[in-house]
Amino acid sequence: MSRGITPQIDEMLNMRYHANSIKMFDNRYKSGAHQIGNRLSHSKGRGVDFEEVRPYQNGDDIRLIHWSLTARLGKPYTKVYKEERERAVYLFIDQSSNMNFGTKVCFKNVLAANIASLLGFAALENQEQIGGIIFNDNKAQLFKPERTRQSISNMINVLQNQDKMLSHYNSFKIALKQLVQKIHYGSTIVIISDFSKFDNETKAYLNQINHKTQIINIMTYDPLEAVLPEFAGSFTFTATGKEKLKIAGTTQNRERYQNSFETRRQDIKDYSRKLGMQFISIATNDNIIDKINHGVMGYGCK
């Protein structure tokens, strides 16, 4: 579905034709209970208004039990909340230089842009507000959440022409810090990145965001980053056009290379599971609709 080395506006706009295939924002797949690495939940944080009290039903969150009323009447009652209108879906889209790599089908930055477009249209199909942050090595752009096609169109235009970005904070961590300050309680954050800057500072920001919102971490990668080809020879990797890494294609080196990638992916996955965040990994040659739906519909962290 994704092609090329730079995001293309026609390809991103075409994602609207696949939006109704995405289950992530479908009410039938949302859960009011707290689940780890599973279905989307809108129960987190203080972003809700109290609405009423009703008799407890099987499956209700025990944290919402109205204990004083339960004690007085001798039967369990639970508090019911309605969602605030300011809730939104925020797309956090990494377009930094480390995303400018790919050997199969497309670059990671193109994959990230197409995933964001697909999820943006899917959220709008389900009456969600859409906003977020796009950033690269030089600039960033914050988009205020809106429930209009224009909101996702504005993001697509910036993804296609990143010179239009206005702000000058320019790193994964600074962009996360902006999210901490801007997001509303009870919203959903979709982080689309290769998570190459996944360190303790990044984890600290994610932890802060996680107290306020539901987080979905989507890790993008190229198949060559995960596994070296099975033939003898040397492989040269270039980072930011400057530093080079040369690896001899021995069996031992292939195993070491594969283990290094899998350890990093497992670290992100384990951290996500520990904090109750969703984790989905998508390669540049994957079917992104299948991978996203598989991650959402109760199969656990993928």
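Of note:
- Residue order, fewest to most surrounding Cβ atoms within 10 angstrom, among LEU124, LEU91: LEU124, LEU91
- Available extension along the chain between ASP290 and GLU230 is 18.9 nm, counting 0.36 nm per residue and deducting the alpha carbon span.
Read-outs: derived from the displayed coordinates by stated rules, not from any lab. Quick caveat, the model's predicted, so the values are computed rather than measured. FYI the Cβ positions are ideal-geometry reconstructions off the backbone, even for glycines, and counts take in every protein chain you see.
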